[in-house]
Structures are given as structure tokens and as C-alpha cells.
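Undergrad: The structure is given below, and queries will be raised subsequently.
The values are calculated or read from the model by the stated rules, or taken from the named source; none is laboratory data. Quick caveat, the model's predicted, so the values are computed rather than measured. Note that we place each Cβ from the backbone using ideal geometry, even for glycine, and neighbour counts take in every protein chain shown.
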Amino acid sequence: MTPSQPHHRTALITGATAGIGRAVARQLAADGIHVLAHGRDPERGAQLVKEIAAEGGSARFLTADLTGSAEVLALAAAAGEVDILVNNAGIYAFTGTADTTAESFDRQFAVNTRAPFLLVGALAPAMAGRGHGVIVNITSTAATSPAPIGAAYGASKAAVELLTRSWATEFGARGVRVIGVSPGPVRTAGTTAMLGDNVELLGRANLRERIGEPDEIAHIVRFLVDADSGYINGTVIVANGGEPSALPA
């Protein structure tokens, strides 16, 4: 038997105005969850809120620069009582180690690792106090697949995967589930702008022979925040189309 689902739930989604975050926001709103959509662009935030309302959902836009710890904590305070936290916002610089500046390294870790850490610290204890809550961390296959570029980005996401397991241990007994979702290449405006046609080439390297779509990741998140997934905790779900076998043909 699964535990009863809390009614009128609220979800804070970081990086919700584009790509995977936007797809997650729309999916959860379609399920009747009130969405707190974080982003940096008020215009895109207003458009998302308008679209969700037109589809019968409920949403509010919150802005914060996740590179600043004070703004992250202010975001948590503005969100108030939430039942679901989706740590989706992320930045990347696919450069070699020698070409990655200290500022770039710090910025990637600030947004990708420190911001989720601070948000969980601010919001998870109240979830535990109420006896229910779900935290979903969007990581990346870069966390487990070493490459000659992007070491800082991969390390920042690898840290989040360890934090996912640590938080599940810390809060799981008090009703808070913590799960990671690790997507492979996904078709977003950001990846297309950075990689161009190479995005499609990346997709051909997996067993599905195609790139992923934001809605496919959002469907996974939608399932994970539902009571039907109540026995899933402290793990990272990989959604990368399937890795080819390492065995020789």
C-alpha cells in the first residue's frame, strides 16, 4: 500500500523557464500541483505562468541569481512551504581544465551544487517535520562518463549524485524521498546553441539512436513525485537511451 498523496501540493522548480525545467513545470501543473517556477528572465517567467494558467494549472514566477548564496536563501524563503523541490537549474562550460578559469569553476559549482545544497537545507527540514516531501535532483550523465572537456561540470553533477544519496539517508526515515535523474543529451535551446548539429550526432551514440526530448525527462519527474513511486529513494535514474555494450561484436 502506498501512503496517501498530500492534496494541493506545491513544487519549487529551479531553472523552470526553459528546457527540461519548463517541461517539468508544465507536467506537474497539469497534475494539479501549484508550481513555483524559478528563473532569471521575468519575461519568460510571465509567459510560462500564462501558458500554465491557460492549460488550467496554477503557477507563480520567482526570480533569483543562484550564483549568490543570499539570493538562494531568499528564494527558499519566498517559496515558503513546499512539498516538492526539483533542483534543475544548471550551467556548464565544456572547456579543458587549463582553459577553465577559477571564476568559471566557482560559478558552475555555485549553481549546480551549492544552490541545491542550500535549498535542501532550507526546505527539507520542514518537509520532514510534516512527514512527507520529494526532492528530485536533475544531474547529468557527465557525472559518470569522463570526457576530455567539461571536468568541472561533470564534477559538480557528480557531487549532486552523492548528495542525493546522503540526503535520502538524512531525511528518508522522516518521509522525505530524494531521487536523482541523470539525462543523456537532451534537445534544448541551450544544447542546440552550444553544439549545433553535433547534438544529433550525440544522440546516435545511444541504443535508441536519437537525442532525448525535455518532455521525456519531465515524465520521469512526474512519476517520481507521485505516491506510486513511493518505494524509490536514494538512487539516480539514468535516462540516456541506453549505452552500447562494451563487449566486442
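Undergrad: What's the number of the only condition in (1) in contact with a Pro (Cβ under 9 Å, 6 or more places away or on another chain); (2) assigned to a helix (DSSP H, G or I) that ALA126 fails to meet?
TA: Going through the list (1) in contact with a Pro (Cβ under 9 Å, 6 or more places away or on another chain); (2) assigned to a helix (DSSP H, G or I), ALA126 breaks only (1).
Undergrad: Working only within the stretch 37-46, note down all residues that are in contact with a Ser or Thr (Cβ under 6 Å, 6 or more places away or on another chain) and surrounded by 18 or more Cβ atoms within 10 Å (Cβ to Cβ).
TA: Hits for the stretch 37-46 are HIS38, GLY39, GLY45.
Undergrad: Here is a check on your reading of the model: is HIS34 surrounded by 16 or more Cβ atoms within 10 Å (Cβ to Cβ), without any contact (Cβ under 8 Å) to a residue 60 or more places away in the chain, closer than 30 Å to ALA102 by Cβ and not hydroxyl-bearing (Ser, Thr, Tyr)? Before you say what the answer is, go through the steps one by one.
TA: Working: surrounded by 16 or more Cβ atoms within 10 Å (Cβ to Cβ): yes; without any contact (Cβ under 8 Å) to a residue 60 or more places away in the chain: yes; closer than 30 Å to ALA102 by Cβ: no; not hydroxyl-bearing (Ser, Thr, Tyr): yes.
No.
Undergrad: Can we say ASN206 is at pLDDT 85 or above, farther than 19 Å from GLN27 by Cβ and buried (at least 17 other Cβ atoms within 10 Å of the Cβ)?
TA: The answer is no for ASN206.
Undergrad: Among the candidates ALA93, ALA89, ALA142, single out the residue that is in a loop (DSSP other than H, G, I, E, B) and within 16 Å of the chain's Cα centre (by Cα).
TA: ALA89 is the lone residue from the list that is in a loop (DSSP other than H, G, I, E, B) and within 16 Å of the chain's Cα centre (by Cα).
Undergrad: Please verify whether the stretch 8-31 includes one or more residues that are of a type in the set (Lys, Arg), touching a residue at least 24 places away in the same chain (Cβ under 8 Å) and out of contact with any helix residue (DSSP H, G or I) (no Cβ under 8 Å at 6 or more places or on another chain).
TA: yes
Undergrad: So which of ILE13, ILE52, ILE84 is out of contact with any Asp or Glu (no Cβ under 8 Å at 6 or more places or on another chain), closer than 16 Å to VAL111 by Cα and modelled with pLDDT of 95 or more?
TA: ILE13
Undergrad: Name the residue, out of VAL238, VAL199, that is assigned to a helix (DSSP H, G or I), touching a Ser or Thr at 6+ places or on another chain (Cβ under 7 Å) and either at pLDDT below 95 or farther than 18 Å from ILE84 by Cα (or both).
TA: VAL199
Undergrad: In the stretch 96-110, which residues are outside any loop (DSSP other than H, G, I, E, B), over 20 Å from the mean Cα position of the chain (by Cα) and in contact (Cβ under 8 Å) with a residue 24 or more places away in the chain?
TA: SER104
Undergrad: Yes or no: THR113 farther than 30 Å from ALA227 by Cα, surrounded by fewer than 22 Cβ atoms within 10 Å (Cβ to Cβ) and either of a type in the set (D, E, K, R) or in contact (Cβ under 8 Å) with a residue 24 or more places away in the chain (or both)?
TA: So THR113 fails the test.
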